[in-house]
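Q: Got a structure for you, questions after.
The values are calculated or read from the model by the stated rules, or taken from the named source; none is laboratory data. These numbers come from a predicted model, not from an experiment. Virtual Cβ from ideal backbone geometry, glycine too; neighbours counted across all protein chains shown. Surface areas here come from the heavy atoms of the whole protein model, side chains and all, with no ligands, DNA or RNA. Shrake-Rupley method; radii C 1.70, N 1.55, O 1.52, S 1.80 Å.
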Amino acid sequence: MDTMLAAVYHGPHDIRLEEVPVPQPGPGEAMMRVRAASICATDLRIFNHGHFKIPEGAVRILGHELAGEIVAVGEQVTYLAPGTRVAVVPNVGCGVCWECVQGNNNLCPDYDAFGITLDGGFAEYILITAPAVQQGNVIEIPDSLSFEEAALNEPLSCCYNAQQTCRLAPGETMVIIGAGPIGLMHLLLARYSGAGQVIVSEVQEDRARQAAEFGADLVVDPRKQDLREAVLKVTGGRGADVVIVAVGSAVLQEQAVELAARRGRVNFFAGLAAGHNRACVNSNWIHYGQVTVTGTTGSNYRQYRQTVQMLASGRLSLQSLVTAKRSLQEVEAALADAASGEHLKVVFIP
Ligand SMILES: [Zn+2]
Ligand SMILES: [Zn+2]
């Protein structure tokens, strides 16, 4: 039997490089050669603390931000063929629930996901299950789009879900709290969508510098400067039209609400740790300002396809977010890189 190299998760702090059988596609399934798989904060969280959908004792190949090349398809697969370059939507909805039938596979209460409940992309090959093939999780990408950018389309599409939910209009002012890779993606996307001013709040110096390089109009260190005053100053006292909180902090969520202008929209993009998930917001600010507070998680099939189109257009590039490329053999170093805070996106090139 043919074997392949995979970084296999056995439990918290236990990822092993192993030779495992190469999956063979059955009817309705496809096999993809992984050409790029990026490490997400979720992977690090699973590595450190496990995941409620991965039972103790189960082994799993992580990695849900992935792209590659179809190398084999099972019977009945009509729209994919060996050689097709593709990106893969990680979340597979059940297909029949209230949210799934409306296209919101990311909100399916009974979802499967590559890299969480199904084997993911930190391997040489991945088996794309029949429901995923059938529901449109596999998306052909043009030759002009690199596999790395296609892998990064996954978090980009999640940012797009947030910005679409906040109805960002051209010319509007956006505040982004946190300039990690997600904050920077929000910045690039806001620029692409025609935002007027984009203001980034970040405490780490090197990240603040990067935000400026990525095109922020104003970068504020909230420890040195009052963020609210800074926002009011550049908006004629009005506040921000859209505020994105890309840091998992209840205090920052509370502050974010009061950065919003009248009819402003706020998005809680980052989740909070269990036990720390209560925010005490100024509800009168929301009431009298007609402010909308939103939350988003993941992205749906439509949004994922839309951001693929944005990247394919060449007018939005994520290439500068890739700051480290690693082989699977370097899995430990790759995870350390990703956890260090010194890198933006660490990508496996199996
Ligand atoms: Zn992710
Ligand atoms: Zn469902």
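Q: Go through (1) touching a residue at least 60 places away in the same chain (Cβ under 8 Å); (2) part of a helix (DSSP H, G or I); (3) surrounded by fewer than 21 Cβ atoms within 10 Å (Cβ to Cβ) and name the single condition GLN303 misses.
A: (3)
Q: List the pairs whose first member sits in region 94-118 and is free of Cβ contacts under 8 Å to residues at least 12 places away in the same chain, whose second member is within 7 Å of ligand 2 (Cβ to nearest atom) and open to solvent by 20 Å² or more (accessible area, probe 1.4 Å), and whose Cβ atoms are under 6 Å apart, counting only residues at least 6 apart or on separate chains?
A: The qualifying pairs are CYS100/CYS94.
Q: OK, next. Out of the residues in region 75-100 meeting the condition of being open to solvent by 40 Å² or more (accessible area, probe 1.4 Å) and under 23 Å from the mean Cα position of the chain (by Cα), tell me which one is nearest to ligand 2 (Cβ to nearest atom).
A: So, considering only residues that are open to solvent by 40 Å² or more (accessible area, probe 1.4 Å) and under 23 Å from the mean Cα position of the chain (by Cα), the one nearest to ligand 2 (Cβ to nearest atom) is CYS94.
Q: While we're on this one: Which of the residues belonging to region 278-300 are under 16 Å from LEU252 (Cα atoms) and exposed (fewer than 13 other Cβ atoms within 10 Å of the Cβ)?
A: ARG278, CYS280, SER283
Q: Determine whether ALA81 is free of Cβ contacts under 8 Å to residues at least 12 places away in the same chain and small (Gly, Ala, Ser).
A: Yes, satisfied.
Q: Which of the residues that make up region 42-60 are under 18 Å from the mean Cα position of the chain (by Cα), open to solvent by less than 60 Å² (accessible area, probe 1.4 Å) and not hydroxyl-bearing (Ser, Thr, Tyr)?
A: Within region 42-60, ASP43, LEU44, ILE46, PHE47, HIS51 meet the criteria.
Q: Same structure again: Among the listed residues ALA256, ALA273, ALA261, which satisfies the condition of being modelled with pLDDT of 95 or more, outside the structural domain of HIS51 (by TED's automatic domain parsing) and not in a helix (DSSP H, G or I)?
A: Exactly one of ALA256, ALA273, ALA261 is modelled with pLDDT of 95 or more, outside the structural domain of HIS51 (by TED's automatic domain parsing) and not in a helix (DSSP H, G or I), namely ALA261.
Q: A further question follows. Among what's in region 24-50 and is farther than 30 Å from THR323 by Cβ and in a loop (DSSP other than H, G, I, E, B), pick the residue that is farthest from ligand 2 (Cβ to nearest atom).
A: Selected residue: GLN24.
Q: If you don't mind, there's one more thing I want to ask. List pairs: first in region 159-176 and touching a residue at least 60 places away in the same chain (Cβ under 8 Å), second aromatic (Phe, Trp, Tyr), Cβ under 8 Å, 6+ apart or cross-chain?
A: Pairs found: CYS159/PHE269; ALA162/PHE269.
Q: If you scan region 64-92, which residues turn out to be within 21 Å of LEU156 (Cα to Cα) and in contact with an Asp or Glu (Cβ under 7 Å, 6 or more places away or on another chain)?
A: Correct list: HIS64, GLU65, ARG85, VAL86, PRO90, VAL92.
Q: Inside region 142-168, can you point out the residues that are open to solvent by 10 Å² or more (accessible area, probe 1.4 Å) and closer than 23 Å to GLU229 by Cα?
A: If the condition is that a residue be open to solvent by 10 Å² or more (accessible area, probe 1.4 Å) and closer than 23 Å to GLU229 by Cα, then LEU168 is the only one that fits.
Q: Output the residues belonging to region 183-210 that are buried (at least 24 other Cβ atoms within 10 Å of the Cβ) and closer than 21 Å to ASP337 by Cβ.
A: Of everything in region 183-210, those that are buried (at least 24 other Cβ atoms within 10 Å of the Cβ) and closer than 21 Å to ASP337 by Cβ turn out to be GLY183, LEU184, MET185, GLU202, GLN210.
Q: Further, regarding this structure: Answer yes or no as to whether ASP119 is among the acidic types (Asp, Glu), farther than 14 Å from PRO25 by Cβ and open to solvent by 10 Å² or more (accessible area, probe 1.4 Å).
A: Spelling it out, it is not the case that ASP119 is among the acidic types (Asp, Glu), farther than 14 Å from PRO25 by Cβ and open to solvent by 10 Å² or more (accessible area, probe 1.4 Å).
Q: Residue by residue through region 191-207, note down the ones that are touching a helix residue (DSSP H, G or I) at 6+ places or on another chain (Cβ under 7 Å) and under 16 Å from ALA256 (Cβ atoms).
A: Listed by number, the residues that qualify are VAL198, ILE199, VAL200, SER201, GLU202.
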